[in-house]
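Peer 1: The following block contains the structure, expressed as structure tokens.
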Amino acid sequence: MELEEVLQMRFWTLTLCLLLTNPSFSLSSSHHSCRIQILIEKINGENQSIHFSSPLKTKEACQTLAKIHQTNFDSQKLKSKRVTYFWKKVTKTVPMLAKAPTKKIRKSKRGSKKL
């Protein structure tokens with residue numbers, strides 16, 4: 001091999017290694033999840049549990065939404081109301097040249113969730 005071919009092969013090998021290992025050459029995505037659970041006990045003794053989620057980007061926003069639901073309380077109809085929240089942020093980093101996961105997307109057989 002000639003010197004020029006060796007240098008060219010080293011250049012492409014180093015470039016490929018740099019692209020695969022350097023975090024600045026990667027794709028990242030984040031997913032935010034705010035789940036709120038409301039446990040209601042009515043005066044007649046009936047218990048009800050309500051779950052819903054919202055794509056809020058900060059924990060403070062999720063906490064504020066939970067406080068809003070806690071204050072909406074009708075003391076004539078409800079004996080007690082307990083509101084809890086769960087906020088989570090998931091960040092995924094994928095190198096640019098890595099093979100993307102091949103996950104099949106399934107449509108839900110259920111319709112909208114009942115509250």
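Peer 1: Looking for something of a type in the set (Phe, Trp, Tyr), modelled with pLDDT of 80 or more, touching a helix residue (DSSP H, G or I) at 6+ places or on another chain (Cβ under 7 Å) and surrounded by 11 or more Cβ atoms within 10 Å (Cβ to Cβ) - is there at least one such residue anywhere in the range 25-32?
Peer 2: Checked the range 25-32: no residue is of a type in the set (Phe, Trp, Tyr), modelled with pLDDT of 80 or more, touching a helix residue (DSSP H, G or I) at 6+ places or on another chain (Cβ under 7 Å) and surrounded by 11 or more Cβ atoms within 10 Å (Cβ to Cβ).
Peer 1: Being in a strand (DSSP E or B), modelled with pLDDT of 80 or more and exposed (fewer than 11 other Cβ atoms within 10 Å of the Cβ) is the requirement here; does SER49 meet it?
Peer 2: The answer is yes for SER49.
Peer 1: From the residues in the range 65-77 that are outside any loop (DSSP other than H, G, I, E, B) and exposed (fewer than 14 other Cβ atoms within 10 Å of the Cβ), which one is farthest from the chain's Cα centre (by Cα)?
Peer 2: It comes out as THR71.
Peer 1: Can you tell me how many residues within the range 79-105 are among the basic types (Lys, Arg) and modelled with pLDDT under 65?
Peer 2: The number of residues fulfilling the criteria is 3.
Peer 1: I've got another one for you. Do any residues in the range 78-107 that are part of a strand (DSSP E or B) have Cβ atoms under 6 Å from those of residues that are of a type in the set (Asp, Glu) and at pLDDT 60 or above, where the two are at least six apart or on different chains, and which pairs are they?
Peer 2: Sorted first by the residue in the range 78-107, then by its partner, the pairs are LYS79/GLU41; SER80/GLU41.
The values are calculated or read from the model by the stated rules, or taken from the named source; none is laboratory data. All figures in this text were calculated on a predicted structure; none of them were measured in a lab. Glycine gets a Cβ as well: all are built from the backbone with ideal geometry, and neighbour counts include every protein chain shown.
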